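Working notes for the structure below.
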Amino acid sequence: MLGPDRHQLDTVGLAVELEVNLLAGVLQLRAMQDGKIARVEELTRIPAEVQDTLITILSEKTLPIPELNSEVQAVKGFNLIATANDRDRGVNDLSSALKRRFNTVVLPLPDTVDEEVDIVQRRVASLGAALELPAEAPALAEIRRIVTVFRELRGGQTADGKTKLKSPSGTLSTAEAISVVNSGLSLAAHFGDGVMRAADAASGLVGAVIKDPVQDRLVWQEYLETVVKERDGWKDLYRACREH
């Protein structure tokens, strides 16, 4: 069976980009008209032309609509906050003009593994309750393993400081660790016995680490063979990740 040709793929990609741009504009417009705060997630992943519209919105509190030869003036109370990961270069880096229009607040990573495990555990419990997942709360040891993997690859060395490691291109943030655990819980709930195991977390873990299919895969395979394989009590995680 023949798949879509290059022209069809380009057309789909353009349609998706236009839909994203339109949605972003609608959300900004609604917040301006209602005098509310708009939140933009992953600012560096937004197309450059959408980023450019934010400059006028932040500077003048207006949204020009050239096609209608008109503009929308923001109601008092409107403001905009945005998030971005300083390790994630994303698709479009922010221009210096846009950066100057934000007051930047840097949120540091948790200092210790215990702090990060606690954050992940509490957030996963909250999300599980909200989603009404029919699964047991993940064992603390399973969360600690995932957080340890993230911290070691992020920091470029094992927890004991004895082995230097290569870091992948992704951010491996605490939020992504939460996503990996939550995804594992969902798989355990709907396709397993309700208890999250290494096999449930493996796909999400591999996906979080491997962003670049070539370089990151090499980094991950080296980590699996030199660290995960040799660590006591981690053989199940090693086998599960090797299958992905």
Fluctuation leader among T174, T112, T83 - the chain, Gaussian network, Cα springs under 10 angstrom: T112
GNM on the chain, Cα springs under 10 Å; top mean-square fluctuation among R45, R144, R100 goes to R100
Roughly how many nanometres apart are two label points built 7 Å out from the Cα toward the Cβ at N103 and T53? 2.6
With springs only between Cα atoms under 10 Å, which of L80, L131, L224 fluctuates most in a Gaussian network model of the chain? L131
Using a/c under 1.5 as the rounded threshold, could you call region 68-172 rounded, prolate or oblate? The axes a ≥ b ≥ c are square roots of the C-alpha gyration tensor eigenvalues, and prolate needs a/b larger than b/c, oblate otherwise. oblate
Would you please give the FRET efficiency between R231 and T83, computed as 1/(1 + (r/R0)^6) with r the Cβ-Cβ distance and R0 = 22 Å, to the nearest 0.05? 0.05
Just want the answer: with Cβ charges of +1 for Lys and Arg and -1 for Asp and Glu, which residue in T163, F102, V149 is farthest toward the dipole's positive end in the chain? T163
Return E60, E67, E152 ranked ascending by Cβ neighbour count within 10 Å, so the fewest neighbours appear first. E67, E60, E152
Of K164/K229; K162/K211; K99/K211; K99/K164, which sit over 23 Å apart, Cα to Cα? K162/K211; K99/K211; K99/K164
Which shape class, rounded, prolate or oblate, goes with region 35-84 when its Cα gyration tensor gives a ≥ b ≥ c as root eigenvalues, a/c under 1.5 marks rounded, and past that a/b bigger than b/c marks prolate? oblate
Restricting to Cα atoms and excluding each atom paired with itself, what does the Kirkwood estimate give for region 139-244 in Å? 13.7
Could you tell me how far the Cα centroid of region 100-133 sits from the Cα centroid of region 191-227, in Å? 21
Which listed residue (S186, V113, C241) has the Cα farthest towards the positive end of the charge dipole for region 113-242, taking +1 on Lys and Arg C-beta and -1 on Asp and Glu C-beta about the Cα centre? C241
What's the magnitude of the charge dipole for the chain around its Cα centre, counting Lys and Arg as +1 and Asp and Glu as -1 at the beta-carbon? Answer in Debye, nearest 20. 460
List the residues, sorted by chain then number, that are 5 or more residues from Q157 or on another chain and whose placed amide H is less than 5 Å from its amide H. L165
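Computed from the coordinates by the stated procedures, all read-outs in this text should not be read as laboratory data. Model, not experiment: these values are computed from the prediction. No Cβ is skipped: glycine too gets one built from the backbone with ideal geometry, and neighbour counts run over all protein chains shown.
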